[in-house]
Amino acid sequence: MELTLDVLKRRIDVAAKRTPADTVIKNGRVINVFTREILQEDIAIVDGYIAGLGNYEGKQTIDAAGSYIAPGFIDGHVHIESAMVTPAEFSNVVIPHGVTTVIADPHEIANVSGLAGIDFMLKASENIPLDVFFMLPSCVPATPFENAGAELSDTDLKDLYAHPRVIGLGEVMDYPAVMQNHEGMLKKLEGASSKGHYIDGHAAGLNADGINVYMSAGIRTDHECINAEEALVRLRRGMHVMLREGSAARDLIALLKAVNEQNARRCLFVTDDKHLDDIMNEGSIDHNVRMAINEGVDPILAIQMATLNAAECFGLKHKGAIAPGYEADLLFLSDLNTINIEKVMKSGKLAAEGGTIKHPARSNMAPAPPIIDSVKINRISYDDLKIWIGTGDAHIIGIIPNSIVTKHLVEKPDNLNGFFQPNPEKDYLKLVVLERHKNSGNLGLGIVKGLGINRGAIASTVAHDSHNIVAAGTSDEDLLLAIEHTAKMKGGLAIIQDGKVLADIALPIAGLMTDQDSAFISKRLSELNQALLTIGCSMQFNPFLTLSFLALPVIPELKLTDKGLFSVKTFRHISVAEQTLH
């Protein structure tokens with residue numbers, strides 16, 4: 001709400017008890033995240049903001065009946081597209097989990113559709129209950145080692161900073177460009193810094209010297225830590241460390257080992273990439289808070305990390321606390337250890353109760369035709385899928401369950417006349433990445449170990465960050481059909497066995513999202529999971545989520561792009577056959 005003279009006068013009059021508040025919450029145990037106390041005070045609300053704490057009267061009185069009252073949770077870094085629904089439907093799902101504000105990075109759709117994709121996300125997130133702030137994508141494409149659907153320069157981004165919900169530059173993942181002073185990257189960094197905006201990092205695998213470079217460049221956060229040692233390096237150099245617990249990357253428990261009373265104020269919770277069914281079943285930031293408490297973190301400290309810490313990290317001066325002048329985004333909790341959310345108030349109004357959204361948002365933003373028509377490929381043949389490895393060792397992508405980091409393996413898989421042969425018993429599968437934005441015909445081929453598919457093939461247009469078609473399987477026949485079926489749907493996920501489609505989800509919005517509601521997507525995801533069991537998956541981790549990160553060449557150690565197998569350590573493409581590596 002714009003702070004006009006009339007609004008300011010009303011707020012002061014209520015604070016001074018000259019006029020009654022719109023709403024007063026009584027008999028609540030108020031969690032003060034500034035002092036980490038629990039206080040019994042009334043909360044006086046006017047125009048969606050808190051005007052005072054103490055003893056107040058209002059036009060409406062809510063009896064909290066002894067419930068704990070916490071600030072609304074903030075997700076400090078999330079890609080809404082990873083939930084495969086529009087921002088409106090995303091808000092319907094996360095608000096009942098206590099998330100009232102998110103810091104979103106639309107680089108998924110931007111890598112497919114460029115400025116049109118960002119514009120879609122900005123407009124589609126207007127007038128919904130959830131407050132969505134944006135960090136502009138810094139790396140489109142993520143690296144020069146793959147083909148995305150768009151390229152965004154500092155000139156493309158500069159006008160977007162005028163948008164009131166754009167607050168910074170998104171995760172800078174091209175460390176070499178920063179380290180080597182590439183002009184285009186420096187202009188993006190300068191463009192954000194000159195406007196006083198924030199810059200997110202993406203410091204996967206960087207040591208202390210690398211963090212020196214990032215901090216010197218004005219990059220102040222990292223969500224890519226995977227162990228306590230990495231987290232401490234970043235904390236000691238002044239970074240905000242984002243404790244991530246998503247669907248594919250589950251790092252929270254490992255990172256909590258670095259958190260203590262002295263440094264916790266520099267830590268916040270994020271989900272990054274989380275599938276809709278995982279949000280519905282586990283939760284969002286509320287799940288992170290519960291996990292932290294279960295690992296021994298004091299409940300009030302965990303709530304502080306989920307609220308005030310995130311707000312202060314991004315300069316959201318009116319969010320993250322229950323105090324005069326702060327927005328009335330409030331959670332009613334029956335228990336602090338389980339974070340059982342009874343009610344959610346957004347801007348002083350009841351938004352969710354008993355896990356159910358009160359007034360579901362509906363998307364009224366129709367995507368532009370280029371966003372819908374984003375899959376452009378020619379047919380590929382069996383010959384196109386042949387991988388020459390000779391009779392020796394090969395470079396193989398090794399899966400680490402529940403991690404987006406992979407191992408660079410050198411092993412000797414089966415071959416027939418020198419060509420790789422998938423072997424489900426040894427868990428060697430064929431991996432394919434096909435460029436799908438410009439019909440270039442670029443095709444990357446590799447071998448993956450540990451994906452856990454015994455038969456058939458899976459394919460998806462969700463392939464971070466360029467979102468080409470990625471597919472893995474035990475036979476070329478099923479691989480070809482999986483790729484063709486995914487393209488026929490204009491994007492999505494598909495499971496094939498013996499020439500038949502077992503399950504699929506169409507994602508026609510940039511090949512990443514659907515305009516269907518969460519109930520529909522939940523049902524289709526359930527069908528996908530059942531089909532994954534049919535093709536032999538153990539489901540110890542989600543193979544689609546793991547597959548989606550096998551094409552991301554900024555995460556160690558070995559990945560596959562549409563240009564071929566990529567060594568993150570040497571930052572160059574290599575041959576699958578080991579003997580050709582020099």
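Among the residues of region 237-264, not one is free of Cβ contacts under 8 Å to residues at least 12 places away in the same chain and not in a loop (DSSP other than H, G, I, E, B).
Among the strands (runs of 3 or more DSSP E) confined wholly to region 1-118, which include 2 or more residues that are farther than 25 Å from Thr271 by Cβ, more than 18 Å from the chain's Cα centre (by Cα) and not assigned by TED's automatic domain parsing to the domain that holds Ile469? Steps first, please.
Numbers: elements: 21-26, 29-32, 37-40, 42-46, 49-54, 58-63, 68-71, 73-78, 99-104.
Counting at least 2 such residues, we get 21-26, 29-32, 37-40, 42-46, 49-54, 58-63.
Within region 230-250, at least one residue is closer than 20 Å to Val102 by Cβ and surrounded by fewer than 20 Cβ atoms within 10 Å (Cβ to Cβ).
Results for (1) within 18 Å of His395 (Cβ to Cβ); (2) over 21 Å from the mean Cα position of the chain (by Cα), shown as yes or no for each residue.
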| position | (1), (2) |
| --- | --- |
| Leu525 | no, no |
| Ala531 | no, yes |
| Ser538 | no, yes |
| Glu557 | yes, no |
| Ala577 | yes, yes |
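Here Leu157 fulfils each of the conditions (1) among the aliphatic types (A, V, I, L, M); (2) part of a helix (DSSP H, G or I); (3) surrounded by fewer than 21 Cβ atoms within 10 Å (Cβ to Cβ) apart from (3).
Say whether the condition of being of a type in the set (D, E, K, R), surrounded by fewer than 23 Cβ atoms within 10 Å (Cβ to Cβ), under 30 Å from Ser125 (Cα atoms) and out of contact with any His (no Cβ under 6 Å at 6 or more places or on another chain) is met by at least one residue in region 57-76. Before you say what the answer is, go through the steps one by one.
Filtering region 57-76 for residues of a type in the set (D, E, K, R) gives 57, 59, 63, 75.
From what's left, surrounded by fewer than 23 Cβ atoms within 10 Å (Cβ to Cβ): 57, 59, 63.
Filter once more, keeping what is under 30 Å from Ser125 (Cα atoms): none.
No: zero hits.
With respect to the conditions (1) in contact (Cβ under 8 Å) with a residue 24 or more places away in the chain; (2) surrounded by fewer than 16 Cβ atoms within 10 Å (Cβ to Cβ), Ser216 falls short on a single one, namely (1).
Would it be correct to say that His437 is modelled with pLDDT under 95, within 26 Å of Leu507 (Cα to Cα), in the same structural domain as Ser538 (by TED's automatic domain parsing) and in a loop (DSSP other than H, G, I, E, B)? So that I can check it myself, show each step before the final result.
On the way: modelled with pLDDT under 95: no; within 26 Å of Leu507 (Cα to Cα): yes; in the same structural domain as Ser538 (by TED's automatic domain parsing): yes; in a loop (DSSP other than H, G, I, E, B): yes.
Answer is no for this residue.
Take Gly536 and decide whether it is in a loop (DSSP other than H, G, I, E, B), at pLDDT 90 or above, in contact with a helix residue (DSSP H, G or I) (Cβ under 9 Å, 6 or more places away or on another chain) and buried (at least 17 other Cβ atoms within 10 Å of the Cβ).
Numbers: in a loop (DSSP other than H, G, I, E, B): yes; at pLDDT 90 or above: yes; in contact with a helix residue (DSSP H, G or I) (Cβ under 9 Å, 6 or more places away or on another chain): yes; buried (at least 17 other Cβ atoms within 10 Å of the Cβ): no.
In short, no.
Just a yes or no: is a residue in region 260-274 buried (at least 23 other Cβ atoms within 10 Å of the Cβ) and more than 18 Å from His240 (Cβ to Cβ)? The answer is yes; a qualifying residue exists.
Among the listed residues Asp476, Asp498, Asp465, identify the single one that is out of contact with any Ser or Thr (no Cβ under 7 Å at 6 or more places or on another chain), of a type in the set (Asp, Glu) and closer than 26 Å to His107 by Cβ. Quick ask: steps written out before the conclusion?
Details: Asp476 fails: closer than 26 Å to His107 by Cβ; Asp498 fails: closer than 26 Å to His107 by Cβ.
Residue meeting the stated conditions: Asp465.
Right, Phe120: among the aromatic types (Phe, Trp, Tyr), surrounded by 22 or more Cβ atoms within 10 Å (Cβ to Cβ) and more than 21 Å from Ile555 (Cα to Cα) or not? Taking the combined requirement at face value, the residue satisfies it. Taking region 469-492 as the range and being of a type in the set (S, T, N, Q) and not in a helix (DSSP H, G or I) as the test, the residues that pass are Thr474, Ser475.
Given Lys158, Lys188, Lys195, which one is in contact with a strand residue (DSSP E or B) (Cβ under 7 Å, 6 or more places away or on another chain) and on the phi < 0 side of the Ramachandran plot?
Values: Lys158 fails: in contact with a strand residue (DSSP E or B) (Cβ under 7 Å, 6 or more places away or on another chain); Lys195 fails: in contact with a strand residue (DSSP E or B) (Cβ under 7 Å, 6 or more places away or on another chain).
Residue meeting the stated conditions: Lys188.
In a residue-by-residue description of region 448-469, the property of being crowded, with 23+ Cβ neighbours inside 10 Å, hydrophobic (A, V, I, L, M, F, W, C) and over 26 Å from the mean Cα position of the chain (by Cα) applies to no position.
Matching residues to (1) in contact with a Phe, Trp or Tyr (Cβ under 8 Å, 6 or more places away or on another chain); (2) in a strand (DSSP E or B); (3) in contact (Cβ under 8 Å) with a residue 24 or more places away in the chain:
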residue	(1), (2), (3)
Ala142	no, no, yes
Phe145	yes, no, yes
Gly168	yes, yes, yes
Glu171	no, yes, yes
Leu189	no, no, yes
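Restricting attention to region 318-350, the residues that are within 22 Å of Leu122 (Cβ to Cβ) and either without any contact (Cβ under 8 Å) to a residue 12 or more places away in the chain or not charged (D, E, K, R) (or both) add up to 2.
From the list Ala551, Ala506, exactly one residue is farther than 16 Å from Asn454 by Cβ, surrounded by fewer than 21 Cβ atoms within 10 Å (Cβ to Cβ), assigned by TED's automatic domain parsing to the domain that holds Thr474 and aliphatic (A, V, I, L, M). Which is it? Before you say what the answer is, go through the steps one by one.
Details: Ala551 fails: surrounded by fewer than 21 Cβ atoms within 10 Å (Cβ to Cβ).
None of the others qualify; the one that does is Ala506.
Scan region 364-376 and give yes if some residue there is buried (at least 23 other Cβ atoms within 10 Å of the Cβ), in a loop (DSSP other than H, G, I, E, B) and among the hydroxyl-bearing types (Ser, Thr, Tyr), otherwise no. Checking region 364-376: at least one residue is buried (at least 23 other Cβ atoms within 10 Å of the Cβ), in a loop (DSSP other than H, G, I, E, B) and among the hydroxyl-bearing types (Ser, Thr, Tyr).
Please determine, by comparing only the residues of region 324-344 that are β-branched (Val, Ile, Thr) and surrounded by 15 or more Cβ atoms within 10 Å (Cβ to Cβ), which one is nearest to Ile74 (Cα to Cα). Full working, then the answer.
The initial filter retains those residues of region 324-344 that are β-branched (Val, Ile, Thr), namely 338-339, 341, 344.
Filter once more, so that each one left must be surrounded by 15 or more Cβ atoms within 10 Å (Cβ to Cβ): 339, 341, 344.
Details: Ile339: 15, Ile341: 15, Val344: 13 Å.
Step by step, filter region 324-344, then rank; the result is Val344.
Pairs linking a residue in region 470-496 that is at positive phi and crowded, with 24+ Cβ neighbours inside 10 Å to a residue that is outside any helix (DSSP H, G or I) and of a type in the set (Ser, Thr, Tyr), with Cβ atoms under 9 Å and 6 or more positions apart or on different chains, are Gly491/Ser374; Gly491/Ser460; Gly491/Thr461; Gly492/Ser460; Gly492/Thr461; Gly492/Thr514.
The values are calculated or read from the model by the stated rules, or taken from the named source; none is laboratory data. Please read these numbers as outputs of a predicted model, since none were measured by experiment. Glycine also receives a Cβ, built like all others from the backbone with ideal geometry; neighbour counts cover every protein chain displayed.
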